[in-house]
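Beneath this line is the structure, given in structure tokens, with notes to follow.
Quick note: the coordinates plus some simple rules give every number you see, no bench work behind them. Treat the numbers as computed from the prediction; the structure is a model and nothing was measured. No Cβ is skipped: glycine too gets one built from the backbone with ideal geometry, and neighbour counts run over all protein chains shown.
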């Protein structure tokens with residue numbers, strides 16, 4: 001097994017020394033051990049390992065893209081004559097990862113649909129809207145809510161359609177807001193039922 005690994009490493013060195021431009025490849029003398037590719041190009045550059053079939057198109061590739069002074073991103077490419085044109089996944093120097101996008105603004109940005117059997121969002125217990133049922137909770141007057149809706153066209157504390165279009169939806173925060181509104185609605189219903197019971201009692205007397 002050690003001989004096979006040595007042969008693979010020697011072949012990689014041979015390929016790099018024969019075909020790479022502006023690259024110095026060497027085995028680092030200290031931890032972490034492996035193969036280092038030192039790029040000394042003075043302009044924009046892209047260096048990668050790629051796999052193709054019969055020299056036509058790339059089946060899979062991974063590498064890095066940058067300028068003389070900085071790294072733009074590391075990437076995993078795919079079915080393209082140029083991996084830069086459509087990388088599957090990119091890794092920015094700040095740690096952000098993008099899938100189907102080269103400009104991820106969050107730790108993980110996905111430009112497409114995500115399919116999952118379960119999504120778990122963690123939150124602090126104090127942030128969960130059980131506080132709605134506290135004796136000190138300030139339940140808004142129903143007519144104040146009506147006035148707010150007429151003016152703003154959405155419920156208090158709920159983001160507007162424009163805000164959602166511009167900023168997206170925080171799923172964890174939105175679930176808490178929706179639960180808060182359900183709990184408030186429950187309190188209004190209880191209050192309404194008490195008033196109905198009083199009216200019924202008065203009507204029978």
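Answer yes or no: is there a residue in segment 187-201 that is within 32 Å of the chain's Cα centre (by Cα) and surrounded by 11 or more Cβ atoms within 10 Å (Cβ to Cβ). No: segment 187-201 contains no residue that is within 32 Å of the chain's Cα centre (by Cα) and surrounded by 11 or more Cβ atoms within 10 Å (Cβ to Cβ).
Residues are listed down the side, and each one gets a yes or a no for (1) touching a residue at least 24 places away in the same chain (Cβ under 8 Å); (2) farther than 30 Å from residue 63 by Cα:
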{"site": "102", "(1), (2)": "yes, no"}
{"site": "127", "(1), (2)": "yes, yes"}
{"site": "141", "(1), (2)": "no, yes"}
{"site": "151", "(1), (2)": "no, yes"}
{"site": "160", "(1), (2)": "no, yes"}
{"site": "165", "(1), (2)": "no, yes"}
{"site": "185", "(1), (2)": "no, yes"}
{"site": "194", "(1), (2)": "no, yes"}
{"site": "201", "(1), (2)": "no, yes"}
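Scanning segment 169-179 for residues being free of Cβ contacts under 8 Å to residues at least 24 places away in the same chain and farther than 16 Å from residue 154 by Cα gives a total of 2. Residues in segment 161-199 that are under 20 Å from residue 129 (Cβ atoms) and outside any helix (DSSP H, G or I): 169, 170.
Taken as a whole, the structure leaves residue 186 outside the set of residues that are under 30 Å from residue 69 (Cβ atoms) and in contact with a helix residue (DSSP H, G or I) (Cβ under 9 Å, 6 or more places away or on another chain). Counting the residues of segment 160-176 that are in contact with a helix residue (DSSP H, G or I) (Cβ under 8 Å, 6 or more places away or on another chain) and surrounded by 13 or more Cβ atoms within 10 Å (Cβ to Cβ) gives 1.
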